[in-house]
1. Return only the number of the condition from (1) more than 26 Å from residue 82 (Cβ to Cβ); (2) at pLDDT below 90; (3) in contact with a strand residue (DSSP E or B) (Cβ under 7 Å, 6 or more places away or on another chain) that residue 221 does not satisfy.
2. State all residues of region 277-303 that are at pLDDT 60 or above, of a type outside the set (S, T, N, Q) and open to solvent by 10 Å² or more (accessible area, probe 1.4 Å); if no residue qualifies, say none.
3. Just to be sure I understand, how many residues within region 231-265 are crowded, with 23+ Cβ neighbours inside 10 Å and in contact with a His (Cβ under 8 Å, 6 or more places away or on another chain)?
4. Among the candidates 227, 190, which residue alone is touching a residue at least 40 places away in the same chain (Cβ under 8 Å) and either within 17 Å of residue 135 (Cα to Cα) or among the hydroxyl-bearing types (Ser, Thr, Tyr) (or both)?
5. Please determine, by comparing only the residues of region 362-379 that are within 20 Å of residue 229 (Cβ to Cβ) and assigned to a helix (DSSP H, G or I), which one is least open to solvent (accessible area, probe 1.4 Å).
6. Restricting attention to region 113-142, and to residues there that are modelled with pLDDT of 80 or more and of a type in the set (A, V, I, L, M), which single residue is nearest to the chain's Cα centre (by Cα)?
7. Taking the residues in region 380-392 that are surrounded by fewer than 18 Cβ atoms within 10 Å (Cβ to Cβ) and either of a type outside the set (S, T, N, Q) or part of a loop (DSSP other than H, G, I, E, B) (or both) as candidates, determine which candidate is modelled with the lowest pLDDT.
8. Scan region 222-234 for residues that are more than 18 Å from the chain's Cα centre (by Cα) and more than 14 Å from residue 199 (Cβ to Cβ) and jot them down.
Amino acid sequence: YSQQITCRRWCETKHHKTQHSSILSFFSLRTRFQALRKRIRSFRRKEPSIDVARHQITIRPHEHIRIFPGIAWQDSNHGKWLFELEGFVFIVRKRDLLRQSLMCSRWNLCSHASLTWFWMFLKTPRNRQISIETVEGGKCTGTAVSTRKGFFEITGTLEFDTNVLSEKLTVITVTTSPSLDNRTFQGQLFLIPPVGLSVVSDIDDTIKRTEMRHKRQMIRNTLTKEFESVPGMSDLYQFWNSRYNMSFHYVSTSPFQLQPQLEDFVRSHGFPAGTFHLNSIGWKDPRFIFQSKKANRKPQQIEKLFTSFPQRKFVLIGDSGQRDPLTYTQIAHKFPTQVAYILIRCVSESPRHVRKLQKICQTSAAPVHIFRKAEDIPKDILELVSVSSEVPRSG
């Protein structure tokens, strides 16, 4: 700031108007760059270790826990049931709610957009200890500590009555340990059989209109408008779910703060219930803002599903607006016996875009079907897959 004042005075005394604006812009840009570099360095700090017990804090009265629907699978080596849950800790105070309501009323946002802003700008505390103690029909053990952004990931073991298991997908409820004011929080676990057919579906521009290729329109569709579904995709997913008893896993590069709104979108637009696997770094992180490759957890999350269920077949569904075609073809080369089909929605009519998409899909080790509308996908496209993988049908 002092350098800018000195520069202004020098320019005024010398009557250099052109130099005045250019030099001031240079110093302002340098100041912004230094602030951004300092902020990026702050994000490179290591996350708090779970072994440092003196920094772990139990959930306080004004804090809450949001648990995403998770998965549970049976270990093929030891026969134990393992589970994985994700979520985040957030703070809700009366003054925050008042500030949020005033901002939404000032901008004339709809109710859906106001809820999106509410979840996006919540305060998330760090170093909060989250423990899963009880499960419907048994007990479970698992503990985690929230990161700098309030995100946590719990992995543990399950002990429950085996009578709740069946060949179909089973959903059970898990409960956290009590907080300081004796509150508990609940979440859902999907007990997925070791054999069957699963769908790994992208969200943005695959089942929800986002227009990721146009940044301004993407911000409008995410923060100021109600979520719109891609026509016909919910009917297709429901048909597959009723015919093949599939498990659904929704993956996205969206920040984890949007999970409540995305789960509400899936439920209200008629999509089958499933697990959510989102970005864990938060929307304020520079790695997320600049679309860093390290911020994309989608390949690691999909590979974790493949290794957890080595006997299941997977159908990968995505769009051509991001890295889905390249990611899915790489996964098909790594797990050739598990990828049954790849479905890619083409989001552009540009010949160059179509040629690039076809070139990537030609290198896939699994069959690929490119579509623009849901009607372009034959409903019996998975018939041969279901016969080969011995998927139990209903009705």
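The values are calculated or read from the model by the stated rules, or taken from the named source; none is laboratory data. What you are looking at is a predicted structure, and each value in this text was computed from that prediction instead of being measured. Every residue, glycine among them, receives a Cβ derived from its backbone with ideal geometry; neighbour counts consider all protein chains shown. What goes into the accessible areas is simple: the full protein's heavy atoms, side chains included, and nothing from ligands, DNA or RNA. Shrake-Rupley method; radii C 1.70, N 1.55, O 1.52, S 1.80 Å.
1. The single condition residue 221 does not satisfy is (3).
2. Result: 277, 281, 297, 299, 303.
3. 3
4. On the way: 227 fails: either within 17 Å of residue 135 (Cα to Cα) or among the hydroxyl-bearing types (Ser, Thr, Tyr) (or both).
It is 190.
5. So, considering only residues that are within 20 Å of residue 229 (Cβ to Cβ) and assigned to a helix (DSSP H, G or I), the one least open to solvent (accessible area, probe 1.4 Å) is 374.
6. Among those residues, the one meeting the criterion is 130.
7. Checking each candidate, the answer is 392.
8. 224, 225, 226, 230, 231, 232
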